[in-house]
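S.K.: One structure, as C-alpha cells, below. Some questions next.
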Amino acid sequence: MGRMDKENYYLDIAETVCQRSTCLRRKYGAIIVHNDEIISTGYNGAPRGRLNCVDMGECLRDKLGIPSGERYELCRSVHAEANAIISAARRDCIGSTLYLSGRDAKTGEYIPDTTSCAMCRRLIINAGIKRVIARIGEKKYTVTEVRDWIFNDDSLNIQA
C-alpha cells in the first residue's frame, strides 16, 4: 500500500469536517492549508446561536422546492468556505489552498459538481486564497486556480 497523496489527505480531513454539517440538503466541509499547515476549518450550518435545520427538522428551501444553487438568501446556513475564512486570519490565507468536500445529506453520495458558489468565490478571492481543490469522487478532485475566477468573472454574465 502506497502513501496517500497530499490532496486526498487534506480532502479526507475536509470530509471529516463535513460530518459536523447541520444541513439537511448537502453537507460540506472546508479546510484552509498554508505551507502544509491547517489554518482553519469550516462546515455549513446556521450562525452561532441560531437553530440549525437538523434541530428544526426541515429545510425551508426543500419545503419551497427551490433547486440547488438558487435562492441562497433563504438558507439558514453559512457555507463551509465562509466559515473557514471567518476563522482564519487573512495573512494566513494569502497564497493558501482551500480543500472542499461535499456529500448529499440524504444519499451520502459525493457531489460530482462540487464547487464554491458565487458568493463564496468572492470571499475566497478577497481572502487571498490561491487555489481550491474540490472532491468530486472517492479519490477524484478538481483543482481551480482562484485567478481563473478573477479573470473569468461570472458576475458579468448575469442578465438583469
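S.K.: Which shape class, rounded, prolate or oblate, goes with the range 1-76 when its Cα gyration tensor gives a ≥ b ≥ c as root eigenvalues, a/c under 1.5 marks rounded, and past that a/b bigger than b/c marks prolate?
M.R.: Working: a/c = 2.67, a/b = 2.20, b/c = 1.21.
Cα axes put the range 1-76 in the prolate bin.
S.K.: Please state, as a whole number in µm²/s, the translational diffusion coefficient that the Stokes-Einstein equation yields for the chain at 10 °C and 1.306 mPa s, with Rh defined as the Kirkwood radius across alpha carbon pairs. Show your work: numbers first, answer last.
M.R.: Numbers: Rh = 16.0 Å.
So the translational diffusion coefficient is about 99 µm²/s.
S.K.: Now for a different question. What share of the DSSP beta bridges in the range 93-160 is antiparallel, in percent to the nearest 5? Could you put the intermediate results ahead of the total?
M.R.: Values: 6 of 10 bridges.
Of the beta bridges lying entirely in the range 93-160, close to 60 percent run antiparallel.
S.K.: Here's something else I'd like to know. Could you report the range 1-67's accessible area per residue, 1.4 Å probe, as an integer in Å²?
M.R.: Value for the range 1-67: 61 Å² per residue.
S.K.: Let me ask something else about it. Straight-line reach only, C-alpha to C-alpha below 17 angstrom: list the lysines that Lys6 could link to, leaving out same-chain residues fewer than 8 apart.
M.R.: Counting by Cα, and skipping residues close in sequence, Lys6 has these lysines nearby: Lys130, Lys139, Lys140.
S.K.: Separate question: Please report the carbon-and-sulfur percent of the accessible area for the range 1-75; probe 1.4 Å, protein heavy atoms only, DNA, RNA and ligands left out. Spell out each step's value before the answer.
M.R.: Values: 2230 of 4670 Å².
That share works out to 48 percent.
S.K.: Run the quick spin-label model on Glu7 and Ile94: label points 7 Å from Cα toward the beta carbon, then report their separation in nm to one decimal.
M.R.: Distance between label points: 2.7 nm.
S.K.: Okay, moving on. What residues qualify as long-range amide H neighbours of Ser40, i.e. H under 5 Å apart, gap of 5 or more or another chain, H built at 1.01 Å from N?
M.R.: Ile32
S.K.: Subtract the Cα-Cα distance of Lys130 and Ser68 from 0.36 nm times their separation in residues, and report this length gain in nm to one decimal.
M.R.: This chain segment gains 19.7 nm when fully extended.
S.K.: How much net charge surrounds Ala46 when only other residues with a Cβ under 10 Å from its Cβ are counted (Lys, Arg +1; Asp, Glu -1)? Display every interim value, and only then the final one.
M.R.: Working: positive: Arg48, Arg50, Arg76; negative: Asp55.
Combined, the nearby Lys, Arg, Asp and Glu give +2.
S.K.: Sticking with this one: Rounded to the nearest 0.05, what FRET efficiency do Leu51 and Lys106 give with R0 = 35 Å and r taken as the Cβ-Cβ distance? Could you check?
M.R.: Working: r = 20 Å, r/R0 = 0.57.
The calculated FRET efficiency here is 0.95.
S.K.: Would you please classify the overall shape of the range 48-96 from the alpha carbon gyration tensor, given that a ≥ b ≥ c denote the square roots of the eigenvalues, rounded means a/c under 1.5, and beyond that prolate means a/b larger than b/c while oblate covers the rest?
M.R.: Working: a/c = 4.25, a/b = 1.97, b/c = 2.16.
Taking the square roots of the gyration eigenvalues as a ≥ b ≥ c, the range 48-96 is oblate.
S.K.: Label points 7 Å out from Cα along the Cβ direction at Leu60 and Ile86: separation in nm?
M.R.: Computed distance between label sites Leu60 and Ile86 equals 1.6 nm.
S.K.: If contacts are Cα pairs under 8 angstrom and at least 6 residues apart, what is the relative contact order of the range 82-160 in percent? List each step's numbers first, then the result.
M.R.: Details: 99 pairs, mean separation 24.3, N = 79.
Relative CO of the range 82-160 lands at 31 percent.
The values are calculated or read from the model by the stated rules, or taken from the named source; none is laboratory data. If you're wondering where the values come from, they're calculated on a predicted model, not measured in any experiment. Note that we place each Cβ from the backbone using ideal geometry, even for glycine, and neighbour counts take in every protein chain shown. Just the protein is used for accessible areas: all its heavy atoms, side chains included, with ligands, DNA and RNA removed. Shrake-Rupley method; radii C 1.70, N 1.55, O 1.52, S 1.80 Å.
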